[in-house]
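K.L.:
Pasting in a structure now, in structure tokens, and then I'll have a few things to ask.
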Amino acid sequence: MTAHHPFLLESLAWKRAHVLDALAGLDEEALNTSYVASGWTPLDLVRHLTVDVERYWFRAVVAGEPEAVAFAAGDGTGWRQAAPVSYDDVAAAYREEAARSDEIIALRAPDAPIAWEAGSSWPGAPRDLADVLVHVLTETATHAGHLDIVRELADGRQYLVVHP
């Protein structure tokens, strides 16, 4: 088994924390309000990262877990909440899914091939765990930036950090 690149894993952990920290302290109304024309709320975006990024890429694509594959292959999506939800509930679900992802990562070599390819057929699509890690890090960092903007629109707070 080839060792994972520590910077890649540390960066993913840092961006996951950034996602939740960018929203910490906002009240429930602000967390469940859309600030963009497409209509998603801050908590919708965190749920998207939970379901459509962490669960989809690690449990379905990398591990091929039947339940995750069935959800991903169906019409399931993490984008829309059925009703307003709390930050604590959404943050806990995101942390739990990230922990499951980390377990999957720990059990595989970076060059381990993916188990399920549905929905990942575009040119340059991830073909092994290392590719998925880079993809998930990129998507998580992108959405963390979206949440930074939403936070600034919500209450003026700017979330600026320097990587430790």
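K.L.:
Are any residues in region 59-100 more than 28 Å from Asp21 (Cα to Cα) and not hydrophobic (A, V, I, L, M, F, W, C), and if so, which ones?
P.N.:
Gly64, Glu65, Pro66, Glu67, Gly74, Asp75 - these are the residues of region 59-100 that are more than 28 Å from Asp21 (Cα to Cα) and not hydrophobic (A, V, I, L, M, F, W, C).
K.L.:
Criterion first (assigned to a loop (DSSP other than H, G, I, E, B), in contact with a Phe, Trp or Tyr (Cβ under 9 Å, 6 or more places away or on another chain), among the small types (Gly, Ala, Ser) and within 20 Å of Thr138 (Cβ to Cβ)) does Gly64 satisfy it?
P.N.:
No: the conditions fail for Gly64.
K.L.:
Are any residues in region 6-23 in contact (Cβ under 8 Å) with a residue 60 or more places away in the chain and either more than 22 Å from Thr138 (Cα to Cα) or among the acidic types (Asp, Glu) (or both), and if so, which ones?
P.N.:
The one that is in contact (Cβ under 8 Å) with a residue 60 or more places away in the chain and either more than 22 Å from Thr138 (Cα to Cα) or among the acidic types (Asp, Glu) (or both): Asp21.
K.L.:
Condition test on Glu103, is it out of contact with any strand residue (DSSP E or B) (no Cβ under 7 Å at 6 or more places or on another chain), open to solvent by 40 Å² or more (accessible area, probe 1.4 Å) and within 21 Å of Val19 (Cβ to Cβ)?
P.N.:
So Glu103 fits the description; yes.
K.L.:
Could you say whether any residue in region 1-12 is within 15 Å of His146 (Cβ to Cβ) and among the hydroxyl-bearing types (Ser, Thr, Tyr)?
P.N.:
Checking region 1-12: not a single residue is within 15 Å of His146 (Cβ to Cβ) and among the hydroxyl-bearing types (Ser, Thr, Tyr).
K.L.:
Further question: Kindly establish whether Ala13 is modelled with pLDDT under 95 and farther than 18 Å from Asp155 by Cα.
P.N.:
Here the answer is no, as Ala13 does not meet what is asked.
K.L.:
Could you grab me the full set of residues in region 127-153 that are modelled with pLDDT of 95 or more, open to solvent by 30 Å² or more (accessible area, probe 1.4 Å) and among the small types (Gly, Ala, Ser)?
P.N.:
Ala141
Residue by residue, here is whether (1) small (Gly, Ala, Ser); (2) within 10 Å of the chain's Cα centre (by Cα); (3) not in a loop (DSSP other than H, G, I, E, B) holds:
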| residue | (1), (2), (3) |
| --- | --- |
| Leu9 | no, no, yes |
| Ala17 | yes, no, yes |
| Leu20 | no, no, yes |
| Ala30 | yes, no, yes |
| Ser34 | yes, no, no |
| Arg47 | no, yes, yes |
| Thr50 | no, yes, yes |
| Val53 | no, yes, yes |
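The values are calculated or read from the model by the stated rules, or taken from the named source; none is laboratory data. This is a predicted model, so every value here is computed, not measured. Backbone-built Cβ (ideal geometry, glycine too); neighbour counts: all protein chains shown. Only protein heavy atoms, including side chains, enter the accessible area calculation; ligands, DNA and RNA are left aside. Shrake-Rupley method; radii C 1.70, N 1.55, O 1.52, S 1.80 Å.
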